[in-house]
């Protein structure tokens, strides 16, 4: 299973440690909010709204260099727009994985 | 060059901002997490380029480009490659970057923006009228309701009424209350279709059912005609 990492963020930041820290802080703030919003929409069966959040979350997967998770999210976003939630449980595993990773950095 | 960044994700704005900081002659003069605030800003201040997320809730990047009459150059930033072809139908859109943005790709985009700015005459329409959307935009009015820009086609507007600091726009199917003045909305409406017949009323001339004494009937609404506006109304009537 692929692991989230800081490769992209390090490349983006270069020698700018201050930016790197600030960016990670933004990510740590934004990700849990989007994760919570995603859960709310799934629980309320608001599929289009859930798809909108998956759209944002998939960008986070890219930022954390998770290409497989990104491709999965692209499919899931389409599924949600078609009203299907079959991929929800696997998607949540990725969210938990990222949540755990963000607690370590 | 000046630019603004429009994206509902803070991480995405930070990434674009970081890339912008590496361009010596580029100043970020504003960051917005929604399109409506960005449009308000652009109505007050000119910029050279907008880095714009195409996928934002309620108001897409394409809506954004269509809404602005004098749209600056736009670079779309998005995860949705399927929008690319549609995006290039608009003259204002000079590039399309797929997230996550890299430094090399961003630099290429800046070169495209600079080339486009060099080619740009003083006044260029923001939309490519060849695709038909430019003419369409001239027939619409956008109103701001709860941070959403709602498009009203001129033909569906029946009556505009002043209500203190607000106006009430009555359409065929719905009524909208907008925080603006009758004077401001009058300036946005084409004179061929609309006519002010009272201090507090602008009507769609083509929707008149009949005129009786000092009032006009539109649908089921009886609209007063003021003495000062009556001559212009009578002049416009095709009387037998």
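Of note:
- Taking 7 Å steps out from each Cα toward its Cβ at residue A:96 and residue B:177 produces label points 4.8 nm apart.
- Burial ordering of B:194, B:64, B:41, fewest other beta-carbon atoms within 10 Å first: B:41, B:194, B:64
- Sites residue A:33 and residue B:229 - FRET efficiency at Förster radius 56 Å, r taken between beta-carbons, to 0.05: 0.55
- Peptide B:4-17 is shielded by partner chain Cβ atoms: per residue, an average of 4 of them sit within 10 Å of its Cβ.
- Here is the tail figure for the protein assembly as shown: Cα pairs spaced more than 28 Å apart come to 54 percent of all pairs.
- Sorted by Cβ neighbour density within 10 Å, fewest at the top, the residues B:152, B:182: B:152, B:182
- Residue with peak Gaussian network fluctuation, chain B [Cα springs, cutoff 10 Å], from B:94, B:185, B:75: B:185
- Normalised by residue count, region B:151-240 yields a Cα convex hull volume of 99 Å³ per residue.
- For region A:67-105 and region B:11-43, distance of Cα centres in Å: 28
- A crude spin-label estimate for the pair residue B:211 and residue B:191, with each label 7 Å from Cα along the Cβ direction, gives 1.8 nm.
Throughout, read-outs are computed from the coordinates displayed, never taken from laboratory work. Here the structure is a predicted model, which means the values were calculated and not measured. Don't worry about glycine lacking a Cβ; one is built from the backbone with ideal geometry, like all the others, and counts go over all protein chains shown.
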